[in-house]
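The values are calculated or read from the model by the stated rules, or taken from the named source; none is laboratory data. Given the structure is predicted, the values throughout are model-derived calculations rather than measurements. Positions of Cβ are generated from backbone atoms using ideal geometry, with glycine treated the same way; all protein chains shown enter the neighbour counts.
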Amino acid sequence: MPYEYDDQNIFAKILRGEIPNDTVLETEHSLAFNDIMPKAPAHVLVIPKGPYVCYDHFALEASDAEIVDFNRAIGEVCRMLGVRPGEGGSGYRVISNAGSHGVQEVPHLHVHVLGGRPLGPMISSR
Ligand code: 5GP
């Protein structure tokens, strides 16, 4: 079944400028902004500007330019946050939730970039 994109989701409204956001980075195809309820000292959401529901949707249907731009934006956010281990930072975690088992709340692809403290185990075992 093809994905159906709901253009009334909160990130679509942010992209249209209907809801304010705390922008960290904007590129041709991507936007990065601080999460409204941060789970770590650094918690940035990176989203593509295109109407993609989740990661596999984007990976299958986005253009090469969008995919490159999005991945470069994630890397640039890591650099801006000062969390890159390769540059003396203490590391970070990139998460993208999808669907009900992934506990995705907003049906527009987003990657969480988290850092600024030890983040603990990846997931609980139950
Ligand atoms: P999900 O569970 O879908 O992976 O995560 C959605 C994230 O979006 C949550 O971390 C939540 O705090 C964040 N969020 C929800 N509404 C808003 C909003 O209006 N602005 C911002 N900046 N973040 C939001």
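Assorted remarks:
- Scanning region 70-78 finds one or more residues that are under 27 Å from Tyr3 (Cβ atoms), more than 13 Å from the ligand (Cβ to nearest atom), free of Cβ contacts under 8 Å to residues at least 24 places away in the same chain and surrounded by fewer than 20 Cβ atoms within 10 Å (Cβ to Cβ).
- Considering only residues in region 21-65 that are outside any strand (DSSP E or B) and polar (S, T, N, Q), the one that is nearest to Met122 (Cα to Cα) turns out to be Asn21.
- Residue within region 99-119 that is within 22 Å of Ala12 (Cα to Cα) and acidic (Asp, Glu) present: yes
- Of all residues making up region 114-126, the number that are basic (Lys, Arg) and either in a strand (DSSP E or B) or at pLDDT 95 or above (or both): 1
- Restricting the first member to region 105-126 and to residues that are over 18 Å from Val77 (Cα atoms), and the second to residues that are charged (D, E, K, R), the beta-carbon pairs closer than 8 Å and six or more apart or on different chains are Pro107/Asp6; Met122/Arg93.
- Scoring Ile67 on the criteria (1) away from the ligand (no atom under 16 Å from the Cβ); (2) among the β-branched types (Val, Ile, Thr); (3) more than 17 Å from the chain's Cα centre (by Cα) leaves a single failure, condition (3).
- Set Val111, Val46, Val106: member being modelled with pLDDT of 95 or more, in contact with a helix residue (DSSP H, G or I) (Cβ under 8 Å, 6 or more places away or on another chain) and surrounded by fewer than 18 Cβ atoms within 10 Å (Cβ to Cβ): Val106
- Checklist (1) under 13 Å from the mean Cα position of the chain (by Cα); (2) near the ligand (Cβ under 10 Å from one of its atoms) applied to Pro20, failing item: (1)
- Flag if His57 is within 11 Å of the ligand (Cβ to nearest atom), within 27 Å of Tyr5 (Cα to Cα) and out of contact with any Cys (no Cβ under 6 Å at 6 or more places or on another chain): no
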